[in-house]
1. Calculate I(q)/I(0) for the range 181-283 by the Debye formula, one identical point scatterer on each C-alpha and no solvent, and give its log10 at q = 0.14, 0.20, 0.21, 0.22 Å⁻¹ to two decimals.
2. For the Cα atoms of the chain, what angle does the longest principal axis make with the long axis of helix 130-142, in degrees from 0 to 90, nearest 10?
3. What per residue convex hull volume, in Å³, do the alpha-carbon atoms of the range 1-110 yield?
4. Divide by every residue of the chain the summed helix terms, -39500 (n - 2.57) for each DSSP H run of at least 4, and state the resulting mean residue ellipticity at 222 nm, rounded to the nearest 500 deg cm²/dmol.
5. Over the Cα atoms of the chain, each weighted equally, I'd like the Debye log10 I(q)/I(0) at q = 0.07, 0.11, 0.15 Å⁻¹, rounded to two decimals.
6. Hey, what does the equivalent ellipsoid look like for the range 241-286, semi-axes from the Cα gyration tensor as sqrt of 5 times each eigenvalue, largest first, whole Å?
7. With springs only between Cα atoms under 10 Å apart, run a GNM on the chain and tell me which of 155, 29, 105 wobbles the most.
8. In a GNM of the chain with a 10 Å cut-off on Cα contacts, which of 51, 196, 259 has the highest mean-square fluctuation?
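What follows is calculated from the coordinates using simple rules that are stated; it is not laboratory data. Keep in mind that what you see is a predicted model, and the values were worked out from it rather than measured. Positions of Cβ are backbone-derived with ideal geometry, glycine not excepted, and every protein chain shown enters the neighbour counts.
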């Protein structure tokens, strides 16, 4: 379990993390989301003792990271896949990590096999692709068979097979009762991976709870309507005073049920090809609920 209490980090006049409290529970994959500059990387660095909080504290299984006797046996982390000596082979890199925490050498070969790098274990890390470096970083995180795992952008550089693999791996590890905390900007992938979410913006907590509840919170119970007679349907809905918007060639009607829309379409002579509840998405929910916390806004392109 990870428990952060009133976590705050200042860099001079910049408040990177602002009175942030959350809990990451075991047995679940928890996604860590936020716009660029929200403070996610800073928070993960404070969890791992790389940066000291200005205020507040964070504990892993009831203890600060700096008090862990053999950290790799308690928490494994992948924060930067490129943080490897380019002249070392993958196997030597992992053997060095194992030696720092009194781990058996046989564990090195076990994790290399788990991440699919056995055939290139004697190849220097400087010759690895980004996807291979990600797998090596994941192997390092798994080395101590830890109860808690932190991953920052773990699918970066992975091909579709690799993305599916890391998703299945995280689910399997969580099913064993481990605590999995993962940050990613790939929202469609996070929707398939994370059961719970911690969402922050400008260093503050925006949401903590299940992924399903987060999506439902931003869904307006709209009805999706597709028709080859959209002009007639728009006119009828406007005359009715209905609230609707167009999206992907369909109308999303937010204040009428399916029966009322069907009757209205019939009277307007509009054939319907679809009349169904609109499904929310993690991306839509994220954009709606973090819009005011975006620090860097692009201007509209002009010709």
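1. Scattering profile of the range 181-283, log10 relative to I(0): -0.64, -0.91, -0.97, -1.03.
2. 70 degrees
3. Residue-normalised Cα hull volume stands at 136 Å³.
4. Calculated mean residue ellipticity at 222 nm is -10000 deg cm²/dmol.
5. -0.37, -0.76, -1.13
6. 22, 11, 10
7. 105
8. 259
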